[in-house]
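The values are calculated or read from the model by the stated rules, or taken from the named source; none is laboratory data. The structure displayed is predicted, hence computed values, not measured ones. Here the Cβ positions follow ideal geometry from the backbone for every residue, glycine too, while neighbour counts run over all protein chains shown.
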Ligand SMILES: Cc1ncc(COP(=O)(O)O)c(C=O)c1O
């Protein structure tokens, strides 16, 4: 049981009186289902700074959720806020038609490509991670002229129809959207703790999934010549942070090379320093063909997302992807500043140090834990 002084770190029982009032208001004003249920709310946030979020009752919380994985440089980083404000004073949404682009997109594209693998030399901007996944799927299919994409059980890519089909997070999330968009085949993600597969060659969970793709998907579901590529989260986020075995991503890269598929890595949640490197895939020395980028790109300040890849893929696809707010100048300014802060303040090293420390503590807890029953 937690001790009393730990509980009293928050001023009032949760939700506090002001939060309670607003939660009631929420249930009267907002559509049910949006952002979960008001019945589950513990507080209403009104401000945040660094790692601390404060609610309307003055309770302060440590933000372990990091704005759902967006504010990798801390909540409301003053330099990011200033860069965004300055750009909003200078320029709002402007046309993206053939008549005029914005110079700010080029500045961010140039900077972003410097932190991507060397051969990644093109980028397109969108507004949300969902849109960026949709765009990447479209690019893969158009460039290959093939209809199917392999994805993995437990992945999440967004809540649009295409992304729900692409990301089989949980059956309950998708139960009301049948029939799903076609063109996906799935394999189990190699989640070592609860893998449903055994490798026929005596390998671990990673090998078992790679064998499943060859033995089941390519044999019974779709021939390799109809597959555009693989869409994968290098570390699964929403299903509960699953780190794959070391042979998994390199094995996917080999499969893609063997069958002439694109490897599209969704770094919306795992990227921008969250896993101690700019991109989680760097932990396995794998080079993707397409990288989907979102969340942390603007340091949690503005909605902006991107897809990065090689020019030969984008040139082949010539996919018409855009959106009114895609690549908003203030989002570009936020992205530029966020990359600058990550590099200047050595945040990748910092994330690694804290990650190693946290993991050591968790492993010690695991060893000390007693199993009852
Ligand atoms: C891996 C991954 N891809 C895509 C998305 C969708 O991003 P957004 O919510 O910005 O549309 C998410 C969101 O959580 C995600 O975790």
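Selection of first residues in region 54-79 that are over 14 Å from residue 337 (Cβ atoms) and of second residues that are within 16 Å of the ligand (Cβ to nearest atom) and in a helix (DSSP H, G or I), restricted to Cβ pairs under 7 Å at least 6 apart or on distinct chains, gives the following pairs, ordered by first then second residue: 69/295; 69/296; 70/295; 70/296; 75/67.
Considering only region 351-363, I want to know if a residue exists there that is in a loop (DSSP other than H, G, I, E, B) and either surrounded by 13 or more Cβ atoms within 10 Å (Cβ to Cβ) or touching a helix residue (DSSP H, G or I) at 6+ places or on another chain (Cβ under 8 Å) (or both). No, region 351-363 has no match at all.
Taken over region 33-48, the criterion of being farther than 21 Å from residue 13 by Cβ and in contact with a helix residue (DSSP H, G or I) (Cβ under 8 Å, 6 or more places away or on another chain) is satisfied by 48 alone. Whenever a residue of region 125-139 is in the same structural domain as residue 165 (by TED's automatic domain parsing) and near the ligand (Cβ under 7 Å from one of its atoms), its partners that are modelled with pLDDT of 95 or more and part of a helix (DSSP H, G or I), lying with C-beta atoms within less than 7 angstrom and at least six residues away or across chains, give the pairs 129/295; 130/163; 133/163; 133/166. On inspection, residue 323 fails the criterion of being touching a residue at least 12 places away in the same chain (Cβ under 8 Å) and surrounded by 21 or more Cβ atoms within 10 Å (Cβ to Cβ).
If you check 335, 331 for being within 17 Å of residue 122 (Cβ to Cβ), in a helix (DSSP H, G or I) and within 18 Å of the chain's Cα centre (by Cα), only one passes: 335. From the list 191, 186, 212, the one residue that fits, being surrounded by 16 or more Cβ atoms within 10 Å (Cβ to Cβ), at pLDDT 95 or above and within 16 Å of the ligand (Cβ to nearest atom), is 186.
On the stretch given as region 167-177, residues that are touching a strand residue (DSSP E or B) at 6+ places or on another chain (Cβ under 8 Å) and more than 9 Å from the ligand (Cβ to nearest atom) total 1.
The one condition from (1) within 13 Å of the ligand (Cβ to nearest atom); (2) part of a loop (DSSP other than H, G, I, E, B); (3) touching a strand residue (DSSP E or B) at 6+ places or on another chain (Cβ under 8 Å) that residue 146 does not meet is (1). Taking the numbered list (1) closer than 22 Å to residue 270 by Cβ; (2) in contact with a helix residue (DSSP H, G or I) (Cβ under 9 Å, 6 or more places away or on another chain); (3) within 16 Å of the ligand (Cβ to nearest atom); (4) free of Cβ contacts under 8 Å to residues at least 24 places away in the same chain in turn, residue 161 passes all entries but (1). How about region 215-242: which of its residues are crowded, with 17+ Cβ neighbours inside 10 Å and in contact with a helix residue (DSSP H, G or I) (Cβ under 7 Å, 6 or more places away or on another chain)? Matches in region 215-242: 218, 227, 228, 229, 230, 231, 232, 234, 235, 237. Every listed requirement among (1) modelled with pLDDT of 95 or more; (2) loosely packed, with under 13 Cβ neighbours inside 10 Å; (3) touching a strand residue (DSSP E or B) at 6+ places or on another chain (Cβ under 8 Å) is met by residue 62 save one, (1). In a residue-by-residue description of region 308-319, the property of being within 16 Å of the ligand (Cβ to nearest atom) and touching a helix residue (DSSP H, G or I) at 6+ places or on another chain (Cβ under 6 Å) applies to no position. Applying the set (1) crowded, with 20+ Cβ neighbours inside 10 Å; (2) closer than 19 Å to residue 233 by Cβ to residue 143 leaves exactly one unmet item: (2). Scanning region 217-251 for residues that are more than 17 Å from the chain's Cα centre (by Cα) and closer than 19 Å to residue 293 by Cβ turns up just one, 229. For region 300-312, the condition holds for no residue, the condition being that it is within 20 Å of residue 347 (Cα to Cα) and touching a strand residue (DSSP E or B) at 6+ places or on another chain (Cβ under 6 Å).
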